[in-house]
Each structure stands twice: as C-alpha cells, then as structure tokens.
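Presented below is the structure to which this report refers.
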Amino acid sequence: MTRRIWCALGLLLACEGTETGNPFQDSGESSYCEAVSTTELTLSQRGALGFAAEDVLSFARGPRSETLQWQSLRAGSYGPESGQGTLALTLTPVANKARLVDYEQRQGGGEEVGAECPDQLEIDVDLRLVSGGGALDETVRTVLAARSAEVASAYARVDPAKLQGTLTADSGLGADWRWEGLQVQLQATRYGFSGSLTPSFEKRSQDAVSNSAGSGPMATFGLAPCPAGTAVPLDVAAAPLLTLLTQHASADVNATTAAISFEPAGSACLLTSADLAHDGPGLMVLGTLTFVTADGVIDARWPVELRSNQDGTGPVNVVLDYRARLPEGTLEQRYGLRVETAGYDYGSAELKLTLATGGWSGAILAYGYKSPQCPTSTPDGQGSPGCPGAERSELARFDVR
C-alpha cells in the first residue's frame with residue numbers, strides 16, 4: 001500500500017493523522033509526501049537518522065500519568081467526565097522491529113517536486129489510554145513516529161462503537177448526525193506526554209456521508225501546545241536559561257543603564273532539526289521582556305521569543321515575537337521607545353540582543369518610514385502604475401553591552 005502524507009508545502013507539521021497511525025492525513029491539498037522506500041531495523045539498530053527505536057522508547061514507552069483537562073466543545077456535548085482529571089498512557093511495541101521511511105514530495109498529479117520531506121523512524125505500537133473517571137479504557141494499534149531522538153508523535157482514531165470506556169458524545173446538530181470517531185494526537189518527550197482528544201461527526205443521507213463537522217478538542221492532556229516544536233516543562237528544560245536572565249538583570253545602553261527582567265508566558269518549546277520553520281535544534285521560550293533605561297528613553301515591555309540550545313545553557317538570542325499582537329500607535333506606544341519621528345509616516349523597532357555568561361550584547365534599532373506618493377492611475381487612465389515601497393531610515397541605535 002502506498003503511504004502518503006498530504007499537506008501544503010512547508011506546513012508538514014500542521015497536518016493531521018491517518019487511521020493507520022501516520023501523523024498526517026489526506027486533506028485534499030495539492031502536494032503531499034509519499035513513502036518511496038522503507039528500511040527495516042531492529043529496535044536497537046541505529047539507522048540513517050542517527051538514533052535507534054530504543055532511544056525513543058526509553059522515554060515514550062511509559063507508563064505515564066498526565067493531567068487531563070476536559071473542555072467545552074464549540075458545538076455538541078459529551079460525558080460522563082468533566083473538569084480536570086488524569087490520563088494514564090502506555091505505549092508497547094508490537095514487535096522487536098522498526099522501519100526507517102524515506103519520504104519524497106509530490107504534487108497532486110504524482111510528479112516529484114523540489115522540496116524535501118523529512119524521513120522518519122516508525123514503530124508499530126499498542127497505545128493504552130485510561131482516564132481516571134472511566135470515560136476511556138482503550139487499547140488501539142497505531143504508529144509511533146520520530147524524526148529526532150528527542151520527540152516522537154502518534155495519531156490514532158478510535159471507533160466509538162468499539163470504546164471500552166463510558167465516553168459518549170453528541171454533535172448537537174440533529175438526528176442525522178452521528179459521532180464517527182475519536183481522534184487521539186500525542187507527542188512524547190523525555191519530560192512527558194502531551195496531546196488532545198477530538199471527536200468528529202458526520203451527517204449521513206441514504207447511507208452515504210453528505211457532510212462532516214468537528215467541534216474542537218474535548219480534552220487536552222499534558223502541557224499546552226507550542227506554536228512551534230514540542231511543549232516541555234519550563235522549570236526543568238529552561239531552568240539554566242531563566243537563571244542566566246536573573247543573573248544579568250541590568251546592562252549598559254549607550255550612555256545610560258537598563259533594568260531587564262523576563263516573565264515567561266508558559267511552557268518551553270523543544271525544537272528539533274525536523275521543525276521546518278527553524279534553523280535547527282534548540283529551546284524556545286515565549287514571554288515578556290521588560291527593558292527600562294535610567295534616562296527614560298526606553299520604557300518597554302516587549303513580547304519576545306528567547307532561543308537557546310536544547311538544554312538552555314547556550315547563548316540566548318532575543319527577538320520580538322510577532323505572534324503576540326503589538327499595540328497600535330506611535331513608536332513609543334508600540335515599542336516603548338521615546339524617539340523623535342516627526343516627518344515620518346510610521347516607525348518600527350528591531351531587537352538584536354544576545355545574552356551569554358559574560359552578559360548582554362547587541363542593539364535595539366528604531367526606524368522611521370516615509371510612504372511614497374504614488375499616482376492612482378496612469379495618464380491614459382488604464383489602471384494603477386507601479387509604486388516603490390516605503391523608504392526606511394534609521395532614527396536611533398541603542399547599543400547594549
């Protein structure tokens with residue numbers, strides 16, 4: 001059987017899973033990853049990715065107990081559990097073998113394209129799920145997939161008719177709709193498991209599916225998901241990074257000094273070389289950096305992204321986190337920089353800050369932009385002519401050391 005992973009180019013990690021356990025799902029997009037070769041390995045044998053199945057199973061096998069948080073559905077209802085509970089998880093290899101799967105990118109028509117798909121190590125496992133209140137008491141066959149030795153993922157679809165626990169769900173959309181599946185998505189690291197339980201519903205007409213609907217997760221377990229990478233406990237994974245920030249709570253900035261502090265927003269995010277949007281392995285922590293200079297020119301609270309190596313002991317790079325919406329308004333209102341912007345249409349700022357054991361280095365840059373005066377149409381009235389982009393000028397530079 002041909003194995004395919006469907007998704008938009010560059011968004012492989014956002015795709016869903018298949019019933020076979022592959023952590024992706026046919027979604028009708030115009031490109032997909034197709035398995036072109038498979039190499040069988042023993043659980044202890046290292047393949048081309050540089051790690052063995054036993055390296056992954058050492059933390060993923062379990063048993064683990066995670067906090068289970070039942071949530072409200074966008075539509076519909078479920079029972080009997082609610083609120084906060086527990087979920088016990090165990091992954092058991094089906095046999096003493098794994099497989100290294102080589103994937104290649106394809107267009108919808110089947111031709112090969114230039115982008116690469118990450119290869120992954122796959123292990124057939126039985127996934128055991130038992131919730132504290134008895135709603136789940138399930139064992140399902142699936143695939144544990146890993147692209148690095150630090151993170152593994154699994155996807156399973158449970159048929160509601162085969163549930164051994166007491167879980168029930170209703171779409172709330174009428175008698176023509178039925179609960180057709182419970183999707184389990186799981187990520188495992190050496191710090192624990194995290195994931196979600198999501199019901200899906202379908203409408204049947206004359207014994208054929210005429211529509212389908214999702215209501216969002218009914219429950220999540222473990223740590224909250226990261227915008228990139230895999231969530232890991234902040235107090236364990238990022239402890240060296242946070243200690244370094246505490247040790248360097250001040251810096252020289254041009255002719256003055258600054259007081260610096262950081263408030264994390266939640267868990268840390270473990271990045272591996274398989275995270276396509278990033279340069280390579282590392283640790284990311286989101287939060288708010290407070291930066292106040294003694295002369296009052298900078299009085300800022302920036303949403304930032306801190307990057308370090310995977311154990312949090314390396315240099316920390318600081319950049320603005322544009323996933324967190326910045327305030328509207330002037331350069332001072334948005335970035336906390338009291339810089340003169342007269343004569344400019346708008347301003348922006350850029351952080352180029354690094355923290356190492358020796359202290360802070362880098363710069364904060366303020367820019368002003370002049371929007372071009374572009375004609376709305378050509379002299380002959382045949383549409384809009386081309387127009388250059390805004391002209392940028394550096395208004396101020398604050399060297400941090």
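Could you go through the range 169-179 and let me know if any residue there is of a type in the set (F, W, Y), in contact with a Gly (Cβ under 6 Å, 6 or more places away or on another chain) and under 25 Å from S82 (Cα atoms). No, the range 169-179 has no match at all. In the set (1) out of contact with any Ser or Thr (no Cβ under 9 Å at 6 or more places or on another chain); (2) open to solvent by less than 70 Å² (accessible area, probe 1.4 Å); (3) modelled with pLDDT under 95; (4) closer than 27 Å to D124 by Cβ, the condition left unmet by G10 is number (4). With respect to the conditions (1) under 24 Å from the mean Cα position of the chain (by Cα); (2) under 22 Å from L197 (Cβ atoms), V140 lacks only one, and its number is (1). Taking only the range 37-78 into account, find how many residues are under 30 Å from A175 (Cα atoms) and basic (K, R). Total satisfying the criteria: 1. Here the range 59-87 is the region considered, the condition is being polar (S, T, N, Q) and in contact (Cβ under 8 Å) with a residue 12 or more places away in the chain, and the residue that is farthest from L127 (Cα to Cα) is S77.
Of all residues in the range 42-79 being hydroxyl-bearing (S, T, Y) and in contact with an Asp or Glu (Cβ under 6 Å, 6 or more places away or on another chain), which is surrounded by the fewest Cβ atoms within 10 Å (Cβ to Cβ)? Filtering the range 42-79 for residues that are hydroxyl-bearing (S, T, Y) and in contact with an Asp or Glu (Cβ under 6 Å, 6 or more places away or on another chain), the one surrounded by the fewest Cβ atoms within 10 Å (Cβ to Cβ) comes out as S44. Look at (1) in contact (Cβ under 8 Å) with a residue 24 or more places away in the chain; (2) closer than 29 Å to Q187 by Cα; (3) of a type in the set (S, T, N, Q) and you find that S261 fails only one, number (2).
Examine the range 104-111 for a residue that is among the polar types (S, T, N, Q) and surrounded by 15 or more Cβ atoms within 10 Å (Cβ to Cβ), and state whether such a residue exists. Within the range 104-111 (the criterion being among the polar types (S, T, N, Q) and surrounded by 15 or more Cβ atoms within 10 Å (Cβ to Cβ)), the answer is yes, since at least one residue qualifies. When the range 151-198 is limited to residues that are over 16 Å from S215 (Cα atoms) and of a type in the set (D, E), the one that is modelled with the highest pLDDT turns out to be D159.
Within the range 118-176, the set of residues being of a type in the set (S, T, Y) and in contact (Cβ under 8 Å) with a residue 40 or more places away in the chain comprises S131, T142, S148, S153, Y155, T166, T168, S171.
Suppose we filter V292, V339, V318 for residues that are part of a loop (DSSP other than H, G, I, E, B) and either farther than 30 Å from D119 by Cβ or open to solvent by less than 40 Å² (accessible area, probe 1.4 Å) (or both); which single one remains? That would be V339, the only listed residue that is part of a loop (DSSP other than H, G, I, E, B) and either farther than 30 Å from D119 by Cβ or open to solvent by less than 40 Å² (accessible area, probe 1.4 Å) (or both). Look at (1) of a type in the set (S, T, N, Q); (2) open to solvent by 30 Å² or more (accessible area, probe 1.4 Å); (3) within 24 Å of the chain's Cα centre (by Cα) and you find that S82 fails only one, number (3). Just one of (1) in contact with a Phe, Trp or Tyr (Cβ under 7 Å, 6 or more places away or on another chain); (2) surrounded by 15 or more Cβ atoms within 10 Å (Cβ to Cβ); (3) touching a residue at least 24 places away in the same chain (Cβ under 8 Å) fails for S348. It is (3). The requirement of being open to solvent by less than 30 Å² (accessible area, probe 1.4 Å), touching a Ser or Thr at 6+ places or on another chain (Cβ under 8 Å), within 27 Å of Q310 (Cβ to Cβ) and at pLDDT 95 or above is satisfied by A145. When the range 52-79 is filtered for residues that are more than 23 Å from the chain's Cα centre (by Cα), aliphatic (A, V, I, L, M) and farther than 30 Å from R190 by Cα, only A75 remains. Looking at the range 385-401, is at least one residue open to solvent by less than 50 Å² (accessible area, probe 1.4 Å) and under 27 Å from the mean Cα position of the chain (by Cα)? There is no residue in the range 385-401 that is open to solvent by less than 50 Å² (accessible area, probe 1.4 Å) and under 27 Å from the mean Cα position of the chain (by Cα). If I filter the range 257-280 down to residues being over 21 Å from L223 (Cβ atoms) and exposed (fewer than 14 other Cβ atoms within 10 Å of the Cβ), which single residue comes out as modelled with the lowest pLDDT? Restricting to residues being over 21 Å from L223 (Cβ atoms) and exposed (fewer than 14 other Cβ atoms within 10 Å of the Cβ), the top hit is D279.
The values are calculated or read from the model by the stated rules, or taken from the named source; none is laboratory data. Because the structure is predicted, anything quoted here is derived from the model rather than measured. Cβ sites come from the backbone with ideal geometry, for glycine too, and all protein chains shown count toward neighbours. To get the accessible areas, we keep the full protein, side chains included, count just its heavy atoms, and leave off ligands, DNA and RNA. Shrake-Rupley method; radii C 1.70, N 1.55, O 1.52, S 1.80 Å.
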